[in-house]
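Asker: Next up is a structure, given as structure tokens.
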Amino acid sequence: MASLTVLLRHSGKWNDEGNYVDFSIEGILIKEYASYNDLVASISNHLGIDLSSNSIRIQYKVEGNCTPIEIHNDMGYRVYVELKKENREFGMYPLCITTIEKELVSGGSLNQGDIVQIGEAVQRYDSDTDDTLALGFVNSGEAIGVFKLDKDLIISKTNQREVVAGQMYKDKATLKEVMENYVISQRFQFRVNRSNAVSYAILCLSEDCEWRFKDKVYEQRQASSSLIGGMVRPKLTNHKRKYTPKDIIDDVKTDLGVDVSYMLAWRAKEKAMNFLRGEPADSYKKLPGYLYTMDMTYPGSHIRMVKSPKKDFMYVYISLYAFIKGFDHCRPIVVVDGSHLKSYYTGTFVSASTLDGAGHILPLAYGVIDSENDAAWTWFFEQFKIAYGYRENMCIVSDRNESIIKSVSKVYPDGPHFACIWHLWNNVYKKFKKSHAKLSEIYFSMAKAYTQAEFNSLMEKVEKVDIRVKEYLELAGYEKWARLRVHNFT
């Protein structure tokens, strides 16, 4: 992964002419494929800045522009990297770093999280301090001051069963989930009003509520996907457990006495999964930073990522340094396989592995390609060749994917390519379902046969069961999968 040398100017100040003066100088390496957060982390670590109590402002100047340009997001970082790539001189476009102390409370403006009180009073909560700070409001919405609030009085768990006027909640999300559970059990509805930047009021829509603001009563009980998602989260923490929308429908009926549709249950499961594992889009955004960290942690590795002209993800390839050095002591056999991703973002997870002297499987490379086509597989094998080169007697084993076959012949024109007997059998299994039960034992015995006579005898049995299977195996090429036809690579 390419690096750029950058000059840091820090501990200085900006004067009235827009120049950074009275500064100290440091040098730093930044990665071409990284994020704004990675840049902040690298600079703060290098300069010893504690980000828990400070923030940093990153600016630079371009020739002919007296106004400093600030880097404050990923796009700004990408623009800066492109400028540095055009002019790699160390002293060009130095980054000017300003350290800013974080303020706990300034005036009446707080920006951590909302404490929401049922009723008219509204409170404010700072979750990063030992003491809870609350901001009271009069009816006009004017702040009347900041005071301390006992944390024990604040409700932060969503399994709260008692709801009364005067309660205070950690934030709007907690209050909303508690209310969604409560209104289903008590058979009424509610809505949330937002009156200013920090205030929320719960409007109970039942006539007998002591904190009622409206007279309209609703009989119907509703369960939202967010509420159901919160209920089923604990059942999805084990990724091996099979928990379907149908199971969710049954559990909601049992626990809440409410009928929900299949689509609502499906959306609830998606929300619960995203809460536990994060949004897929957010994970892709973190990929450049993850690769940068990996490259810095394991120097000598071969790590690459490619984006489309529209900045969409296309390919990623990873061969760690330990994999690369270890291949010299393993058999020159490379087994390549791909597994389709079934999430919202499709693609194929690809891997390459080998065998050591004891027959243990060891990884060589892994990555993701956006689609299984000639261009994608060719790129993968090109990266593999950059990392490992070509060893004498090296062979590649895979399924009979046409794109893999084409790519191998293009990148390794002199290297033999063999078919994996397991993948070949899966093809037989899918194509000839009526015959596979009788042919399983015969096929694997034939693939491992040592003599031509044994092989021919087994093939005659295959022909008697289903001549189409014999023709299919002949078309695949005996030299690609049968032991007696394959060269012995050791």
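Please treat every number below as a calculation from the coordinates, not as lab data. What you see is a predicted model; the values in this text were computed from it and never measured. Positions of Cβ are backbone-derived with ideal geometry, glycine not excepted, and every protein chain shown enters the neighbour counts.
Asker: With r defined as the distance between the Cβ atoms of F23 and T293 and R0 fixed at 35 Å, what FRET efficiency is calculated, to the nearest 0.05? Walk me through the numbers on the way to the answer.
Answerer: Numbers: r = 29 Å, r/R0 = 0.82.
With R0 = 35 Å, the Cβ-Cβ based efficiency is 0.75.
Asker: Hey, another quick one. Starting from 0.36 nm per residue, how many nanometres of slack lie between S261 and A281 once their C-alpha separation is accounted for?
Answerer: Values: separation 20, 0.36 × 20 = 7.20 nm, distance 2.69 nm.
Full extension of this stretch gives 4.5 nm more.
Asker: What FRET efficiency comes out for T237 versus D50 if R0 is 41 angstrom and r is the Cβ-Cβ distance? Round to the nearest 0.05.
Answerer: Here the calculated transfer efficiency is 0.75.
Asker: Here is a follow-up. What translational diffusion coefficient, to the nearest whole µm²/s, does region 389-451 have by Stokes-Einstein, given a Kirkwood radius computed over alpha-carbon pairs, a temperature of 10 °C and 1.306 mPa s viscosity? Don't skip to the answer; put the middle values down first.
Answerer: Details: Rh = 13.5 Å.
The calculation lands on 118 µm²/s.
Asker: Between D356 and D251, what length comes free when the chain is fully extended (0.36 nm per residue of separation minus the Cα-Cα distance, one decimal in nm)?
Answerer: Numbers: separation 105, 0.36 × 105 = 37.80 nm, distance 4.92 nm.
Gain on stretching D356 to D251: 32.9 nm.
Asker: Follow-up question, since we're still on this one. Please list, by residue number, every one of the trypsin sites (Lys or Arg not before Pro) in region 372-414 that is coil in DSSP and has at most 10 other beta-carbon atoms within 10 Å.
Answerer: In loop regions of region 372-414 (DSSP not H, G, I, E or B), there are no sparsely surrounded trypsin sites (Lys or Arg not before Pro).
Asker: Something else: Of Q452, Y429, Y472, whose Cα points farthest to the positive end of the dipole of region 381-490 (charges on the beta-carbon: +1 Lys, Arg; -1 Asp, Glu; origin at the Cα centre)?
Answerer: Toward the positive end, the furthest listed residue is Y429.
Asker: Calculate one ³J(HN,Hα) per residue across region 351-365 by plugging θ = phi - 60° into the Karplus curve 6.51 cos²θ - 1.76 cosθ + 1.60, and present them in order as whole Hz with x for glycine and proline.
Answerer: 8, 10, 9, 9, 10, 8, x, 8, x, 7, 7, 10, x, 10, 7
Asker: Do any GluC sites (Glu not before Pro) in region 7-91 lie in a loop, going by DSSP, with at most 12 other beta-carbon atoms within 10 Å of their beta carbon, and if so which?
Answerer: Sparse-neighbourhood loop GluC sites (Glu not before Pro): E17, E63, E89.
Asker: Please report, in debye to the nearest 20, how large the charge dipole of region 357-490 is about its Cα centre when each Lys and Arg carries +1 at its beta carbon and each Asp and Glu carries -1 there.
Answerer: Result for region 357-490 is approximately 440 debye, rounded to the nearest 20.
Asker: For region 345-490, give the share of DSSP beta bridges that are antiparallel, in percent and rounded to the nearest 5; count only bridges with both residues there.
Answerer: Of all bridge pairs located within region 345-490, approximately 75 percent are antiparallel.
Asker: Starting from the Cα gyration tensor of region 260-325, take the square roots of the eigenvalues, sort them a ≥ b ≥ c, and report rounded, prolate or oblate (rounded when a/c is under 1.5, otherwise prolate if a/b is larger than b/c, else oblate).
Answerer: prolate
Asker: For an R0 of 51 angstrom, estimate the FRET efficiency from the Cβ-Cβ distance between K342 and E89 and round to the nearest 0.05.
Answerer: Between K342 and E89 the formula returns 0.60.
Asker: For region 383-490, what does the equivalent ellipsoid look like in terms of its semi-axes, each the square root of 5 times an eigenvalue of the Cα gyration tensor, given largest first in whole Å? Intermediate results must be reported in sequence, preceding the final value.
Answerer: On the way: eigenvalues 164, 51, 20 Å².
The equivalent ellipsoid of region 383-490 has semi-axes of 29, 16, 10 Å.
Asker: Further question: Only loop residues by DSSP count here, and only those with at most 16 other Cβ atoms within 10 Å; note down the GluC sites (Glu not before Pro) in region 389-490 that meet that. Before the final figure, lay out each step's value.
Answerer: On the way: sites: E392, E402, E441, E454, E460, E463, E471, E474, E479; in loops: E392.
Those satisfying the criteria are E392.
Asker: Also: Amide H of F418: which non-local residues (sequence gap of 5 or more, or other chain) have their own amide H closer than 5 Å, using H built in the peptide plane?
Answerer: Counting only residues 5 or more places away or on other chains, the set is I396, V397, S398.
Asker: Determine by what factor the alpha-carbon radius of gyration of region 307-460 differs from 2.2 N^0.38 Å, reporting the quotient.
Answerer: Working: Rg = 17.6 Å, N = 154, 2.2 N^0.38 = 14.9 Å.
Its radius of gyration relative to the 2.2 N^0.38 Å reference: 1.18.
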